[in-house]
Amino acid sequence: MSAEVVRRLFAERFGGPAEVVVRAPGRVNLIGEHTDYNGGFVFPAAIDRTISVAARRTVGRSCLISDALGESDAFDAATVAPGTVAGWTRYAAGMAWALRGDGTLPDIEAVVASDLPMGSGLSSSAAIEMAFGVVWNVLGGLGLDNKTLAQRAHRCETQFVGLNCGIMDMMASALCREGCAMFLDTRSLEVSYAPLPEGTAIVLCDTKTPRELAGSAYNDRRATCESAAAKLGVPSLRELPLERLLAARETLTDQEFRRAFHVVTEDLRSLQFAEALRRGQTWRIGTLMRGSHDSLRLDYEVTSPALDAMAEAAWNAPGCIGARMTGAGFGGACVALVEQSRVAEFAEGARTAYELAMGAVPDIWACQAVDGARVEPS
Ligand code: ADP
Ligand code: MG
């Protein structure tokens, strides 16, 4: 969303100029799904669908308005506590709560404007957290770097909002770079950047289906991973070699084994994907993305009929290098890597095949890999 639009909305709503305008992107994850809460590897890219926030300090309670969701509950940045605000206010108020130990936070007036779909697995939640993180960092003079803000955003989502997620989304919205995917080790938080192959486009294929059961099933998957790791005596599944998992099959329930098998093999696929990208081996990229989707479908069981139909439609469409579901699953979007010169043909083919299979029209669009959250120049 452009800085001008949100600046104008702010002036209309609050009758004066904003002190700061920030922008935080959503993300796609190319590979490494459901590994971030197991200490594993992920490979996201930030996308040019973003959340912008225009804000200024105020006296009195914080008052926020979103172009999509309207006015938030008012709250005091210095005292707001978990469980006292509802709806989308939780993401902004939770950032104040998470940053309070870092300095004195002012209350703010703010306008949120976004062109990032909500609940499609493109991580609008991390984008809104990071946007407010940057706003308070600037207006409170906290002097934190983006990596620290991502860690605070993770605390906001897990402890204030109450979704026990991993740290990928916040790190992606904070630290990704233009034109690149970001390889992240979620145990050490080390990052490295890989340029996307020349002539390759990232294409989003949004089924627009809601992610039913996502919250409870997500926490359930996480608990199963933790019990498998505990039974096998490792701190997280990241530490479990595939051979040990295979040898210990009898120790685990069938479900624990299949969930752990996905996580352990997904880490291996992510490492291979990074190598394939470095070497420009596009045929390997396709195989690995397909392997990831199938593992999420059969062993981790977090796809849906819509996501499976979308992935299938993408695999068969002209110019497709690779495709898979992206994000937590149960609904939402697939990501495809597509030959740049064939994006229009790809979109047409994938849309037609999906419509035939599901009787519904998906949203398919190409996006650019962009930089992480930052202040917009004034
Ligand atoms: P995802 O992160 O995949 O988009 P989530 O359910 O994790 O889905 O986060 C979506 C929530 O984030 C929304 O329900 C809303 O509370 C908040 N949110 C996202 N975008 C906006 C926005 N533009 N304005 C206000 N709140 C938003
Ligand atoms: Mg989210």
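The values are calculated or read from the model by the stated rules, or taken from the named source; none is laboratory data. This one's a predicted model, so the numbers in the text were calculated from it and none came from an experiment. Using ideal geometry, Cβ is built from the backbone for each residue, glycine included, and neighbour counts are taken over all protein chains shown. For the accessible areas, the whole protein counts, side chains as well, though only heavy atoms, and no ligand, DNA or RNA atoms are used. Shrake-Rupley method; radii C 1.70, N 1.55, O 1.52, S 1.80 Å.
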With n ≥ 4 as the cut-off for DSSP H runs, can you work out [θ] at 222 nm for the chain, using -39500 (n - 2.57) per run divided by the number of residues, rounded to the nearest 500?
-13000 deg cm²/dmol
Expected sort for 219-232, 28-41 on mean C-beta neighbours within 10 Å, highest first, is 28-41, 219-232
Highest GNM mean-square fluctuation, the chain, Cα pairs closer than 10 Å: which of 271, 64, 356?
356
Volume in Å³ per residue [convex hull over Cα atoms, computed for region 300-340]:
61
Per-residue counts of other Cβ atoms within 10 Å, averaged by peptide: what ranking do you get for 186-196, 112-122, highest first?
112-122, 186-196
Could you give the angle, 0 to 90 degrees to the nearest 10, between helix 214-231's Cα long axis and the longest principal axis of the Cα atoms of the chain?
60
How large, in percent, is the carbon and sulfur part of the accessible surface of region 187-270 at a probe radius of 1.4 Å?
53
With the 8 Å Cα cutoff and a minimum separation of six or more residues, the chain has a relative contact order in percent of 23
Write out the cysteines belonging to the chain for which the nearest other cysteine Cβ is not under 4.7 Å, or none if no such cysteine exists.
63, 156, 165, 176, 180, 225, 320, 367
Computed magnitude of the charge dipole of region 197-367 (debye, nearest 20; Cβ of K, R +1, Cβ of D, E -1):
320
Please compute the net charge surrounding residue 61, taking Lys and Arg as +1 and Asp and Glu as -1 over other residues with Cβ under 15 Å from its Cβ.
-3
When N counts the residues of the chain, how does its alpha-carbon radius of gyration compare numerically with 2.2 N^0.38 Å, as a ratio?
0.98
Placing +1 at every Lys and Arg Cβ and -1 at every Asp and Glu Cβ, with all other atoms neutral, what dipole size does the chain have around its Cα centre, in debye to the nearest 20?
440
In degrees between 0 and 90, to the nearest 10, how far off the longest principal axis of the chain does helix 282-298 point, with axes built from Cα atoms?
90
Roughly how many whole Å is it from the C-alpha centroid of region 87-143 to that of region 259-336?
31
If you plug each phi of region 179-196 into the Karplus form 6.51 cos²θ - 1.76 cosθ + 1.60 with θ = phi - 60°, what whole-Hz ³J(HN,Hα) values come out, in order, with x for Gly and Pro?
x, 10, 9, 10, 7, 10, 8, 6, 7, 8, 6, 6, 10, 9, 10, 10, x, 6
Could you tell me which residue out of 248, 357, 331 lies farthest along the dipole of region 197-367 toward its positive end? Charges go on the beta carbon: Lys and Arg +1, Asp and Glu -1, centred on the Cα centre.
248
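State in Å² the accessible area per residue of region 197-367; use a 1.4 Å probe, count heavy atoms of protein chains only, and round to the nearest integer.
In whole numbers, region 197-367 has 43 Å² accessible per residue.
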Note the angle between two axes, namely the Cα long axis of helix 89-99 and the longest principal axis of the Cα atoms of the chain, as a number of degrees from 0 to 90, rounded to the nearest 10.
80
Once you list every other residue whose beta carbon is under 13 Å from the beta carbon of residue 285, what net charge do they have if Lys and Arg are +1 and Asp and Glu are -1?
+4
Amide H neighbours of residue 33 under 5 Å, counting only residues 5+ apart in sequence or on other chains, H built in-plane at 1.01 Å?
none
Potential lengthening between residue 265 and residue 220 on full extension [0.36 nm per residue; Cα-Cα distance subtracted]:
14.2 nm
Give me P(r) over region 197-367, computed from all C-alpha to C-alpha distances, binned every 10 Å, as integer percentages.
10, 35, 32, 18, 5, 0
If you take the charge dipole of region 197-367 about its Cα centre, with +1 on Lys and Arg Cβ and -1 on Asp and Glu Cβ, which of 300, 347, 225 is farthest toward its positive end?
225
